Amino acid sequence: MTPSRGSHWPHISIATLCTSLFLATAQAAEPVFDKASNDSLLWGPYRPNLYFGLRPRLPKSVLTGLLWARVEDFQTVQNNFRHTCEQHEGMAGYGWDAYDSRTGGVQTIHDSGNSLDLTTEFVKFPGGTNGGSWGARIRGTPQAGASADLKTAVVFYAAVEGLGSLEAQNVDEGENQERGFEGDVVINGQTPDLGEFKMVISEGKGKRAVHSHPSGDDKGLERTFVHSVQIPEEALWQAKRELFANTAQRDHEAILFSSMKTTIDAYIEQYGQEKMPPPWQTYTIQNRPGQGNMHMIQKVFEGPFEFDVLFSSTSAEKLVTSEDITSKVKSITSSFSERFLEVLKPQPPFTRARYEEFSKSLFSNLVGGIGYFYGDAVVDRSYAPEYDEENEGFWQETAEARARNQQKLEGPYELFTSIPSRPFFPRGFLWDEGFHLLPIIDWDVDLTLQIIKSWFNLMDENGWIGREQILGAEARSKVPAEFQVQYPHYANPPTLFLVLDAFIDKLSSAASLGSNDQQPMSSGFASSAAADPEAAKQYLRDLYPLLKRHYQWYRSTQWGDIKSYDREAFSSKEAYRWRGRTPAHILTSGLDDYPRPQPPHPGELHVDLMSWMGMMTRSMKRIADTIADSDDAAEYAKIEEAIVRNIDDLHWDKEEKTYCDATIDDYEESVHVCHKGYISIFPFMTGLLAPDSKRLGAVLDLIADEEELWSEHGIRSLSRRDELYGTEENYWRSPVWINMNYLIVREILKVAQSPGPHQKQARSMYTKLRINLVETVYKSWEETGFAWEQYNPESGAGQRTQHFTGWTSLVVKIMAMPDLEGKSGHDEL
Ligand SMILES: *[C@@H]1O[C@H](CO)[C@@H](O)[C@H](O)[C@H]1NC(C)=O
């Protein structure tokens, strides 16, 4: 028997899983993602750029969204409407407090600008043949200090793209048509993928904002308004157009605002500026229910409110009810909490309940930020010779080539991925994703494997994957034109291989359980693929040709030149150079403005890329081993050794006692360029230094030195002693980054756990660094309500992008790492 994949994790007992693990091998491999498991991922808040935007992960289907605003005076309404996540708009924190991709979760939004706290609950109900049903509950509570009669307009909308239809069922035909709906609003719909369904927007609870102005006689706020429109498909994602002439930037939400504008114009005509209805009547959509591919449903409340959206697939046995939501929310949040403690429980000294809340919140936002994107991408494939970047001054040629604007639209493509930040980077980033998936794979292996597969499916025939995935017009609307174009010779750190490595770790620890079932079952196996070794291998076998093509693409496009400059090294082949650099940046490296050799030179060698290639090669070796391709495994082992040897031969600087980039000087000699910082410890961070490496002592000393990399808030990106420390953009020139720090603390832990000359030093560094990192992210979260893109090494303050719950969420894993000091070591924090 195989594990009951159809069930969600809370229902699978550890015992069942362990039993199934041993029996499964006898069977033929089943599809890795069976229908029930796959179905449980169909719906989600997969429009993470919105505060609350649901959709299925299907190319053209149903989209929903939520808008709200305080509507108390004419002056402020224009700034009050919320829809897409934005930075600095009176938001005092928002996000998922608990979220699981299979079952749903709870989000709270502290909207101080509107004096409102909003809760959005979302739960799924499996059943039927079309991917199940779901329910959402939207609840608003005036914040402490807000007036008790706070007036809030709320609009929920549903739209359908492509084939399919939606129709608002007109329950109140006849004379009251204009006035609005009483009771629930029902929308019937169907699409080819979802079949037939019914969506009910409940009457809800809460006082409606009625008033005595005569406008209320024709269209009473005690009712619900429904406006159904048929709009051109490309514009469907734009639910808000500029209503106000002076806010030309707000080009979303077009349709909603044009409906409101019609209402406003009519009121101006009817009542004149002097006798206008109150704002809460004025800012209402038209009531025009019927057919259309977009339906807006508006309610205007006074004080607290609540209503539900119930989506029932007709193929399911029963319709979802409000009571179902209540009981399901209870059960999923409590099983979320239970399971969180099994999988990612913060370890001492982070034992206070508040740390657990913090950890759950960051993790839930990472998972709740997973999105589904579909659309075309802008790519420039006009491979001019200048793109080879082999000439001195190549970056000027590249700039000229780019200016010719040869880009074209490609696709459409689809991508299922987590994202770095809902307000600022609501789309897929290749190197971020590897870091995102490290906590996620502990929680849900199958989900992780689906995301990995989705990324590798984007690969072109040469093996290239664009580093930033800006798919479709909605995604492009957030990105300046010059950053939209992707170039097929540009790489990015291959971090998805860190995740494949973690997957293989899980497989091998499962395999070792076969011979020794004393150990507890690793909780990562609550998902099916990893609990079924044959299915897991089949997944890797299916993916392997893509992985190979991708690997070969890196080797053939990002190679570095050893021979032309008579460099001495163990291997004459293994050296690497990022393409796409300019004097100021190597955006492709991910470490944008980190100091590099000046001026750029085609003879450069980059130690970070060399280290990534070492990590990638080792991971390929382990994958080849796992699927029993011993020829390939032997080949990768050779390359790995060559890389490890060449890192020392080409990048170790004896004087500086550190790893450095290399370039060619005015005398055509190869020389090192050393800017101490993350670059100098890359071979260590990527796991390529053995615990008995001769270089390890110097690397640890550099990390531990307060005059260089060590700060109370984590390891700095650049040494304090470097002349460029903190200069210019100061993006990767001093701030503390959590993704790099995670790799550092993880490697230091390995040294601390293996006997050797550096064990003692590593142990004390590990304990301090772990606390410094957690405390920094935690304190800033307490103060500001947000996780941040990076942290100031002097003050610990979070900086740059707000609500950066992408790789900063790795702090969840750091908290779950072991405490090496035991009870007596330090006090509880
Ligand atoms: C899983 O679901 C997606 C859509 O959500 C679909 O495209 C895919 O084919 C499904 N895979 C399996 C194995 O059912």
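The values are calculated or read from the model by the stated rules, or taken from the named source; none is laboratory data. What you see is a predicted model; the values in this text were computed from it and never measured. Because the Cβ atoms are built from the backbone with ideal geometry, glycine has one as well, and the counts that use them run over all protein chains shown.
I'd like to know if the range 760-776 contains one or more residues that are part of a loop (DSSP other than H, G, I, E, B), closer than 20 Å to residue 804 by Cβ and either in contact with a Lys or Arg (Cβ under 7 Å, 6 or more places away or on another chain) or of a type outside the set (A, V, I, L, M) (or both).
First, pick out the residues of the range 760-776 that are part of a loop (DSSP other than H, G, I, E, B): none.
Scanning the range 760-776, I find no residue that is part of a loop (DSSP other than H, G, I, E, B), closer than 20 Å to residue 804 by Cβ and either in contact with a Lys or Arg (Cβ under 7 Å, 6 or more places away or on another chain) or of a type outside the set (A, V, I, L, M) (or both), so the answer is no.
Looking for whichever is away from the ligand (no atom under 16 Å from the Cβ), aromatic (Phe, Trp, Tyr), buried (at least 24 other Cβ atoms within 10 Å of the Cβ) and within 19 Å of residue 803 (Cα to Cα) here; the options are 96, 68. Which one fits? Please lay out each step first, then the result.
Working: 68 fails: within 19 Å of residue 803 (Cα to Cα).
After applying the criteria, what remains is 96.
Condition first: within 16 Å of the ligand (Cβ to nearest atom) and of a type in the set (D, E, K, R). Now tell me which residues in the range 433-476 satisfy that.
Passing the criteria: 444, 446, 453.
Which is under 24 Å from residue 125 (Cβ atoms) and either at pLDDT below 50 or away from the ligand (no atom under 16 Å from the Cβ) (or both), of 25, 16?
Numbers: 25 fails: under 24 Å from residue 125 (Cβ atoms).
16 is the lone residue from the list that is under 24 Å from residue 125 (Cβ atoms) and either at pLDDT below 50 or away from the ligand (no atom under 16 Å from the Cβ) (or both).
Go through the range 193-220 residue by residue and tally those that are touching a strand residue (DSSP E or B) at 6+ places or on another chain (Cβ under 8 Å) and within 30 Å of residue 165 (Cβ to Cβ).
13
Just to be sure I understand, how many residues within the range 451-471 are surrounded by fewer than 21 Cβ atoms within 10 Å (Cβ to Cβ), of a type in the set (S, T, N, Q) and under 21 Å from residue 425 (Cα atoms)? Spell out the reasoning first.
Here is the first cut: in the range 451-471, the residues surrounded by fewer than 21 Cβ atoms within 10 Å (Cβ to Cβ) are 453-454, 456-463, 467.
From what is left, the residues that are of a type in the set (S, T, N, Q) are 454, 457, 462.
From what is left, the residues that are under 21 Å from residue 425 (Cα atoms) are 454.
Number satisfying all stated conditions: 1.
When you scan the range 60-83, do you find a residue that is farther than 21 Å from residue 470 by Cβ and free of Cβ contacts under 8 Å to residues at least 24 places away in the same chain, even just one?
Going residue by residue through the range 60-83, those that are farther than 21 Å from residue 470 by Cβ are 62, 64, 66-82.
So of that shortlist, the ones also free of Cβ contacts under 8 Å to residues at least 24 places away in the same chain come out as 75-76.
Scanning the range 60-83 turns up at least one residue that is farther than 21 Å from residue 470 by Cβ and free of Cβ contacts under 8 Å to residues at least 24 places away in the same chain.
Just the residues that are farther than 18 Å from residue 568 by Cα and more than 35 Å from the chain's Cα centre (by Cα), please, taken from the range 639-678.
Result: 656, 657, 666.
State all residues of the range 533-554 that are out of contact with any Lys or Arg (no Cβ under 9 Å at 6 or more places or on another chain) and modelled with pLDDT under 95; if no residue qualifies, say none.
Hits for the range 533-554 are 533, 534, 535, 537, 538.
Only residues that are of a type in the set (Val, Ile, Thr) and touching a His at 6+ places or on another chain (Cβ under 7 Å): list them for the range 769-815, please. Full working, then the answer.
If we filter the range 769-815 for residues that are of a type in the set (Val, Ile, Thr), which is where we start, we get 771, 774, 776-777, 784, 801, 805, 808, 811-812, 814.
Correct list: 776 only.
Can you give me the number of residues within the range 320-346 that are outside any helix (DSSP H, G or I) and touching a Gly at 6+ places or on another chain (Cβ under 9 Å)?
Within the range 320-346, the first condition is being outside any helix (DSSP H, G or I), and the residues that meet it are 320-321, 344-346.
Next, only the ones that are touching a Gly at 6+ places or on another chain (Cβ under 9 Å) stay: 320-321.
The total comes to 2.
For the subset of the range 256-292 comprising residues that are touching a Leu at 6+ places or on another chain (Cβ under 7 Å) and either among the aliphatic types (A, V, I, L, M) or part of a loop (DSSP other than H, G, I, E, B) (or both), which member is nearest to residue 163 (Cα to Cα)?
Once the filter is applied, the top-ranked residue is 256.
Residue under question is residue 711, and the condition is that it be under 30 Å from residue 534 (Cβ atoms), within 28 Å of the chain's Cα centre (by Cα) and in contact (Cβ under 8 Å) with a residue 12 or more places away in the chain; does it hold?
Working: under 30 Å from residue 534 (Cβ atoms): no; within 28 Å of the chain's Cα centre (by Cα): yes; in contact (Cβ under 8 Å) with a residue 12 or more places away in the chain: yes.
Here the answer is no, as residue 711 does not meet what is asked.
Which condition number does residue 672 fail, the rest of (1) out of contact with any Phe, Trp or Tyr (no Cβ under 6 Å at 6 or more places or on another chain); (2) surrounded by 20 or more Cβ atoms within 10 Å (Cβ to Cβ); (3) not in a strand (DSSP E or B) being met?
(3)
For the range 32-61, which residues satisfy the criterion of being near the ligand (Cβ under 9 Å from one of its atoms), part of a loop (DSSP other than H, G, I, E, B) and modelled with pLDDT under 95?
32, 33, 34, 59
Being modelled with pLDDT of 95 or more, part of a strand (DSSP E or B) and not hydrophobic (A, V, I, L, M, F, W, C), is that true of even one residue in the range 156-176?
So far as the range 156-176 goes, yes, one or more of its residues are modelled with pLDDT of 95 or more, part of a strand (DSSP E or B) and not hydrophobic (A, V, I, L, M, F, W, C).
Can you pull out the residues in the range 113-132 that are of a type outside the set (Val, Ile, Thr) and more than 15 Å from the ligand (Cβ to nearest atom)? Show your work before the answer.
Initial filter on the range 113-132 (of a type outside the set (Val, Ile, Thr)): 113-118, 121-122, 124-128, 130-132.
Within the range 113-132, 113, 114, 115, 116, 117, 118, 121, 122, 125, 127 qualify.
Inspect all residues belonging to the range 411-423 and state whether any of them is buried (at least 24 other Cβ atoms within 10 Å of the Cβ), in contact with a strand residue (DSSP E or B) (Cβ under 7 Å, 6 or more places away or on another chain) and hydrophobic (A, V, I, L, M, F, W, C).
Yes; the residues of the range 411-423 include at least one that is buried (at least 24 other Cβ atoms within 10 Å of the Cβ), in contact with a strand residue (DSSP E or B) (Cβ under 7 Å, 6 or more places away or on another chain) and hydrophobic (A, V, I, L, M, F, W, C).
When you check residue 822 against the structure, is it surrounded by 15 or more Cβ atoms within 10 Å (Cβ to Cβ) and more than 30 Å from residue 695 (Cβ to Cβ), yes or no?
On the way: surrounded by 15 or more Cβ atoms within 10 Å (Cβ to Cβ): no; more than 30 Å from residue 695 (Cβ to Cβ): yes.
For residue 822, the condition - surrounded by 15 or more Cβ atoms within 10 Å (Cβ to Cβ) and more than 30 Å from residue 695 (Cβ to Cβ) - is not met.
So is residue 765 under 26 Å from the mean Cα position of the chain (by Cα) and touching a residue at least 40 places away in the same chain (Cβ under 8 Å) or not?
no
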